[in-house]
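A short write-up of the structure that comes next.
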Amino acid sequence: MAELPDLWDVNISDWSNDSATSRFAPEGHQEQYIAFVKSLTSKPVVGVGRYTSPDAMVSAVRRGVLDLIGAARPSIADPFLPDKIRRGRLGAIRECIGCNICVATDPRGLPIRCTQNPTMGEEWRRGWHPERIAPAAKPVDVMVVGAGPAGLEAARALGQRGHHVQLLDARPEVGGRVIREALLPGLGPWRRVVEWRRGAIAELPDVEVFPASPMSAQDVLDSDARHVVVATGATWRRDGRGRSTGLPVAGHEQPDVFTPDDVLDCLESGQWRIPAGRVVIYDDDHYVIGGLIAELLAGRGHEVEVITPAPLISQWTQFTLEQERIERRLRDVGVQIHTRTTVQSIERDHVVVADVIDGGIDELPRASVVLVADRSPRTDLHDELLPALATGELSTLQLIGDADAPGLIAQAVFSGHRAAQQFGEAVDPDEVEFLREV
Ligand SMILES: Cc1cc2nc3c(=O)[nH]c(=O)nc-3n(C[C@H](O)[C@H](O)[C@H](O)COP(=O)(O)O)c2cc1C
Ligand code: SF4
């Protein structure tokens, strides 16, 4: 059939292979199959494989792998990708991070979301353009406290609108949860959420960034800021309350019971605090973090058991097409998985677990425990500033991102972008804030 079609579009099904995430497949991961078809035909060949970098694209064409680059997710993350390449604006490309949040929302009938591009799916509904944003009618000084995904995006988009922005963060490096989570196995590309925004902010004349600048409410009030956006993020709960466990887990306050924040602190500082021996991970979050911590700890020589009340490990990652790959990887590194299992209590040297169907009790020996449960929004600064809003000392005060509602990085970026788009507008909470087809 080599010469039969006018063009070959080579793609290896199913969708979980075609749209593999960056954690499991590198850029150009289908090249061996595309190159095989190219070797048989003189007709043009197009292929996909999360081509985000112009270097990889040029290399694939020069190596004779294909003639035309297909880019689905890279074009979702940056619809102006070809235009930026044409104009040589390579640094301006907002590269897809390969997280598949776009995939997760699309077939479920939800408005599509993209971690990198908060305007995705909102072009018509809200009139948001991926590159342009309405200039501020009256530029003002805005202080954004917290430079995680929400704060970075809010500061960037407010700056693009022409406001004078001060972006502050308590930590020595901007990026918040993203740079921490990107330390987990395979999540390195997620850093692009921070890198692109840091680069975009550097181009803006009126956005100043101050890392290592913890702010108290008094510090904020002592400054000239009259418009404040609080993006202080969230903290993983220590008591084990999660999606299905509504009460604190008995025994959670013992030593050697950790949260994902503790594990990320170890990774960041290089000081490993998890004692040698068996770790029991309780995953009542169901997205990637529980499985990633299991993979990490197994890689560091721990015996690892993961328990989850869900019927599948990392159940929500079915929507990002990763669940089977995650489960396979955990099996490969020797992690024991107990599904439909919940924690009854944490004892000194074991965890009492219960089968969620028949209530059967079992005991799992443990040296340590990691509770992957809910996250609590950090609202202290916002709450302490609220009275200043009432007295008129502050003109506006907004709470955004995980500090408002802990969720996906995509939701934090969206929240930051929306805060910038709606800045200065009176939003009627009783009105639907986007267009609907009637
Ligand atoms: C949100 C989303 C929706 C998609 N919908 C379709 C579809 O309806 N039909 C199809 O053949 N491929 C669909 N795809 C697959 C893409 O066309 C493409 O083959 C795949 O994402 C791999 O290319 P990429 O690495 O450039 O993203 C979709 C991909 C995404 C991310
Ligand atoms: S949601 Fe993630 S995978 Fe999809 S286009 Fe955006 S960055 Fe890429």
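A few remarks follow.
- Restricting ARG73, ARG86 to residues that are among the charged types (D, E, K, R) and near ligand 2 (Cβ under 7 Å from one of its atoms) narrows the list to ARG73.
- Residues that are more than 12 Å from ligand 1 (Cβ to nearest atom) and outside any loop (DSSP other than H, G, I, E, B) were ranked within the range 93-149; the one that is nearest to the chain's Cα centre (by Cα) is PRO149.
- Every test in (1) within 9 Å of ligand 1 (Cβ to nearest atom); (2) under 22 Å from LEU330 (Cα atoms); (3) surrounded by fewer than 21 Cβ atoms within 10 Å (Cβ to Cβ) is passed by SER16 save one, and that test is (1).
- SER53 falls short on exactly one of the conditions (1) buried (at least 19 other Cβ atoms within 10 Å of the Cβ); (2) within 16 Å of ligand 2 (Cβ to nearest atom), and that condition is (1).
- Extreme residue, surrounded by the most Cβ atoms within 10 Å (Cβ to Cβ), among residues of the range 226-241 that are over 22 Å from the mean Cα position of the chain (by Cα) and part of a loop (DSSP other than H, G, I, E, B): ASP239
- ARG177 falls short on exactly one of the conditions (1) among the charged types (D, E, K, R); (2) touching a residue at least 12 places away in the same chain (Cβ under 8 Å); (3) surrounded by fewer than 20 Cβ atoms within 10 Å (Cβ to Cβ), and that condition is (3).
- Residue pairs meeting the criteria (Cβ under 6 Å; at least 6 apart or on separate chains; first over 16 Å from VAL48 (Cα atoms) and of a type in the set (A, V, I, L, M), in the range 71-92; second modelled with pLDDT of 95 or more and not in a loop (DSSP other than H, G, I, E, B)): ALA92/LYS84
- For ARG23, the stated conditions do not hold, so it cannot be described as in a loop (DSSP other than H, G, I, E, B), modelled with pLDDT under 95, outside the structural domain of ARG329 (by TED's automatic domain parsing) and within 16 Å of ligand 2 (Cβ to nearest atom).
- Residues in the range 55-82 that are more than 14 Å from ligand 1 (Cβ to nearest atom) and part of a helix (DSSP H, G or I): 5 in all.
The values are calculated or read from the model by the stated rules, or taken from the named source; none is laboratory data. For clarity, every value in this text was computed on a predicted model and none was experimentally measured. Note that each Cβ is placed from the backbone with ideal geometry, even for glycine, and that neighbours are counted across all protein chains shown.
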